[in-house]
Amino acid sequence: MNNNYDYDFIIIGSGFGGSVSACRLSEKGYRVLVVEQGRRWTPENLPKTNWKFWDYLWRPVAGLKGFLSLRLFRHVMILHGNAVGGGSITYAQTLLVPPDSVWREGNWAGLDNWEEVMPEHYARAKQMLGVTRNRRPALADEKLRDMARVAGVEDSFYYTDVGVFFGDDNDAQGTEYPDPYFDGEGPARNSCIACGGCMVGCPYNAKNTLDKNYLYLAERRGAEVRAETQVVDVKPLGSTDGADGYEVITVPTFARGHKPETRITAQQVIVSGSSLGTQELLFKLKDKGSLPNISDDLGNRVRTNSESILGVRYPGTHEDLSKGIAIGSGIYIDQHTHIEAVRYPDGSNLLSSLLTVLTGGRPGPVRILYWLGAVLRLLIKRPIAGFRSLLPWRFSRETVIFLVMQTIEGHINMRWQRPWYWPFSKTLTSHGDRIPTFIPEANAFTRKAAEATGGVGLSSFSEISFNVPMTAHCMGGCAMADSPNRGVIDAQNRVFNYKNLYVVDGSMLSANLGVNPSLTITALAERAMSFIPPKNAIAVESEATEEAPAGLK
């Protein structure tokens, strides 16, 4: 490895793909730099509730420096994270293995003997992320069990596997323990207090975010993390295919006006900016000519887990549904449809504006009329409960949110274009057939569950007002495939048409998983890093080649 480079590897992004890469590469002796546009979060600077929206939502141009981004496209509203540790800061740490059928679908089918290969990588990912069964079941989980009983699917009810430290059941919740995961090499941890605050950022040191495992160990082993730093260009040095390495240009994320540029060089680059972030960066680099040979398949087959977000609210209840962990339990209402019970902590009611009265009807503009009818009927039949259900106050205490996911195939495509409403610059735009704006089976379950338990059913407001579903699980767009005609990366995560350039994040996924994707991204990142040999092995091999007789080289 040429020591004239600033680093052996530059990793763009510090989510599940980036953090795994940083940890494994630093273990193998490489000089690693992780560039992250988001902030580094600590218990001291995390927002107390999501009403502190300037520290919760991400929109730097508007002065919002939080960690949750909401992006509305023509086909879907996408929620994703930006932080040191990526989406792990705001995700619900639900870590599930998808059904084996996902490996037989999409463009990655046949690229490996997935069903035999992946269990090893899942096991390693689970160990690193501290996966365990939920040991803080709470009222919202019991509500979901009651609803499953009403729907005749109680046998499918389960408590989630999660990345949370629960400690010893004999100790008080919140007790501090020395590192329980990495033989003392990791940080001390505190046991979960079941506050429900996982998705606002855990201030109690119980959630197994990436800055407490993969990224923490990477930094201990010499990896450098530059936070609040945005990558604006990646260009090959010398050979146009990247064989001679790359220069990476960065700017301060939150700088106003002129943004000073910093040039960094590396032999190899890994792009791990999340599905949306990676697509956006690669589209920019392809369009401006820095990496013009990226496959034209870029942006194709972006998946959303065929998700819908629904819920049931109990206006005026004296019970507190906010306690527990963010996603504590789940059920299957049929072979394709998976529902999880979700909650926010007491007082974090900002996202109540994303939900409204449960509405059926046909997708499209006419659905607004169905919504108006649903609101009117509710206010006539249950005026007090109906009025309370429309207000944000006490939302987190009174609501069980449903995260609905399906394994059914469906996707959109992303393109890099000038939108009609802003012709001055290009941006990501969604194209293709509409994905379902609501799932009839899930709506029927929600309606039946609300009626049986005395609650008010809820739909996503984006479905009603914009005719788009909402998802926290954007996947694909840089699919793994057997050729650049069918994907962007090969079976070892190497970008087609370039050397020393990889994509390792959610954009590599080639099928709807039907479960939360974080564990699968982690396991696939472990697999990707297994193909890269230790640095010393490369040096030894290089020296042997140089010293060998000419006829043996």
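Any read-out appearing in this document is the output of simple, stated calculations on the displayed coordinates, not a laboratory observation. Values in this document were obtained by computation on a predicted structure and should not be read as measured data. Here the Cβ is made from the backbone with ideal geometry for all residues, glycine too, and neighbour counts use every protein chain on show.
Given a Förster distance of 60 angstrom, what is the FRET efficiency for residue 169 paired with residue 409, based on the Cβ-Cβ distance and rounded to 0.05?
0.90
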- line: Surrounding charge for residue 267, neighbours by C-beta under 13 angstrom, Lys/Arg +1, Asp/Glu -1, total -1
- line: The set of residues whose placed amide H lies less than 5 Å from the amide H of residue 95, leaving out same-chain residues fewer than 5 positions away, is 161, 162, 163
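In units of 2.2 N^0.38 Å, what is the alpha-carbon radius of gyration of the range 399-532?
Output field value: 1.33.
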Using alpha-carbon coordinates, inclination of helix 518-530 to the longest axis of the chain, degrees: 10 degrees
message: Roughly how far apart, in whole Å, are the Cα centres of the range 447-505 and the range 201-253?
response: 23 Å
task: Send over the Kirkwood Rh of the range 226-321, from the inverse of the averaged 1/r over different Cα pairs, rounded to one decimal Å.
output: 16.6 Å
query: Can you give the relative contact order of the chain as a percent, counting alpha carbon pairs under 8 Å and 6+ residues apart?
result: 23 percent
- line: Among 143/448; 212/235; 52/212; 235/426; 286/426, the pairs whose Cα-Cα distance exceeds 22 Å are 212/235; 52/212
statement: Residue-normalised 222 nm signal for the chain, counting each DSSP H run of n ≥ 4 as -39,500 (n - 2.57), nearest 500 deg cm²/dmol, is -7500 deg cm²/dmol
- request: Check cross-link reach from residue 535 to the lysines: straight Cα distance under 16 Å, and skip same-chain residues fewer than eight apart.
  value: 28
statement: Here the convex hull volume per residue of the range 104-240, taken over Cα atoms and given in Å³, is 238 Å³
statement: Ranked output for segments 339-346, 40-47, 82-89 by mean other Cβ atoms within 10 Å, highest leading, reads 82-89, 339-346, 40-47
message: Given the options 238, 351, 317, identify the residue whose Cα lies farthest towards the positive end of the charge dipole of the range 213-352 (+1 on Cβ of Lys, Arg; -1 on Cβ of Asp, Glu).
response: 238
message: Please report Rg (one decimal) and Dmax (integer) in Å for the Cα set of the range 1-96.
response: 15.9, 49
task: Quick one: check the C-alpha center-to-center distance for the range 334-400 versus the range 6-66, whole angstrom.
output: 33 Å
- request: Starting with the highest mean, order 311-318, 110-117, 300-307, 240-247 by the number of other Cβ atoms within 10 Å, averaged over the residues of each peptide.
  value: 300-307, 311-318, 240-247, 110-117
message: Could you give the length gained by full extension between residue 243 and residue 377, i.e. 0.36 nm per residue of separation minus their alpha carbon distance, to one decimal place?
response: 41.6 nm
field: Kirkwood Rh (inverse of mean 1/r, distinct Cα pairs), the chain, angstrom
entry: 24.2 Å
- prompt: If you stretched the chain out fully between residue 497 and residue 54, how much longer would it get, using 0.36 nm times the residue separation minus the C-alpha to C-alpha distance?
  reply: 155.4 nm
task: Count the net charge of all other residues whose Cβ sits under 15 Å from the Cβ of residue 43, scoring Lys and Arg as +1 and Asp and Glu as -1.
output: +3
